1. Could you list the square roots of 5 times each eigenvalue of the Cα gyration tensor of the range 57-174, that is, the equivalent ellipsoid semi-axes, sorted largest first and rounded to whole Å?
2. Can you report the principal axis dimensions of the range 56-97 using only the alpha carbons, biggest first, rounded to whole angstrom?
3. For the range 91-152, state what percent of all Cα-Cα pairs lands in each successive 5 Å bin, counting from 0 Å until the bin that includes the largest distance.
4. Output the Cα-based Rg and Dmax of the range 317-398 in Å, rounding Rg to one decimal and Dmax to a whole number.
5. Taking the Cα centre of the range 93-197 as origin, work out the dipole magnitude from +1 charges on Lys and Arg Cβ and -1 charges on Asp and Glu Cβ, in debye rounded to 20.
6. Considering amide H positions built from the backbone, and no H for Pro or chain starts, which residues 5 or more places from Ala66, or on another chain, come under 5 Å of its amide H?
7. Over the Cα atoms of the range 2-70, compute the convex hull volume and normalise it per residue, giving Å³.
8. In what order, largest first, do Thr228, Thr3 sit by accessible area if the probe radius is 1.4 Å?
Amino acid sequence: MDTIFALASAPGRAGVSVIRVSGPHAHDIGRRLARRLPDSGRAGLRDLRAGDRELLDQALVLTFTAPNSFTGEDVVEFQCHGSISVVNSILSEISGTGLARGAEPGEFTRRALLNNRLDLVQVEGLGALIEAETDAQRRLAMQVFSGRFGEIVDGWRGALLRAAALLEATIDFADEEVPEDVTPEVSKLIDNVAGGLEAEIAGSRFAERVRDGFEVAILGAPNAGKSTLLNYLAGREAAITSEVAGTTRDVIEVRMDLDGLAVTLLDTAGLRASDDVVEKLGIARALDRAQGADLRVYLQSRPGEEPPLELGEEDIICLGKADLRGESHPAVSGKTGVGVTWLGEQISERLSRQAARAQTATHARHREAMEAAQAALVMARSEVENGSGRTEHAAEHLRTAIRKLDALVGRIDVEMVLGEVFSSFCIGK
């Protein structure tokens, strides 16, 4: 396999930049530049030179020996001064050795996957961690990157391997004396895994929202104060405000961090009957986005005004333009800020309840694989209940469920089923 290298930290000027070299010639390259490498797993301050002459930089050099590195290969990292000139000189010197090529996007992580340092879910978690904007996103990404979800999947997989092994034993060794009826244990194993899958599937959509951000739609009649409220929450003039009704024709989006949650506020067109073709398109788009949002805030133009769309129990109704009113009814003003703290708390409380239901599965791919595994388990459970004559069919459905779980973490090994058979039953002569 080729040795690869690249700048591992952000490009541009910095106090410190990190250059990573990974592959069979990594240590050779390290010695070319630093002459003497620190012991594996250690760091040492070294002069980096071009050949035997020019001093390029004084850098902290870290050495890792396979498989004890991020990629699972021999690795050398140079923590150098973050000057663009210094970084380019070191990269040029590494390239000039002829022992390595520039890494492709994501290639270090891909090698970590190929060398079993990370599973596929952890790779996705690492990507989410890099993209995290809020504390909630960081915590969720860390759960996935740390291997927690992989451990859960391994637990399910182990249980299904055990169930499959029990069934395989009754098929392959039907003429042997099997110690006991395996049906109760197989049924319990299937039910336990199915219950875990159900919980993860239910929470995966909420985890997706934590990862990608929640959407909150601000709705109301024209001139209810929606755009002014959006601008106040955004802290800038994100939307045009005017006394002329129907100014907002398209959905305006503002992304913000609300108590650690990524939230996109949607300012929508005023809801009313209209003969204006463009305004009607804006209203239709507003309704469509509102229905797909995680939460809706309806600003009333007057107390008791009924929304022209059906709202859910968690949605918020309050009076707009509180600065012009004296009612005790919950009211907000984007002009003076009256009631905005209360509204923010209400939004945060409701979205936090949704975020609390998030599990560790964070991608649609995860959910689809789990749903396929769950469907296979339903079939397996049914075949088990149908008696010994359907054992082969039950075992096949279990194998399907195992393969679907393997798709989550990117591995498969059918020999493990036979290994479980012999270790569990000690069958052999």
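The values are calculated or read from the model by the stated rules, or taken from the named source; none is laboratory data. The model shown is predicted, which means the values in this text are computed figures rather than measured ones. Quick reminder, even Gly has a Cβ in these numbers, built from the backbone with ideal geometry, and neighbours come from all protein chains shown. Heads up: the accessible areas ignore ligands, DNA and RNA and are worked out on the full protein's heavy atoms, side chains in. Shrake-Rupley method; radii C 1.70, N 1.55, O 1.52, S 1.80 Å.
1. One finds semi-axes of 41, 20, 11 Å for the range 57-174.
2. Its Cα atoms span 32, 21, 13 Å along the three principal axes.
3. The distribution over the range 91-152 is 4, 17, 20, 17, 14, 10, 9, 6, 3, 0, given as percents.
4. Looking at the range 317-398, its Cα Rg and Dmax stand at 25.9, 77 Å.
5. That gives a dipole near 760 debye.
6. Residues meeting the amide H criterion: Asp74, Val75.
7. 100
8. Accessible-area ranking of Thr228, Thr3, largest first: Thr228, Thr3.
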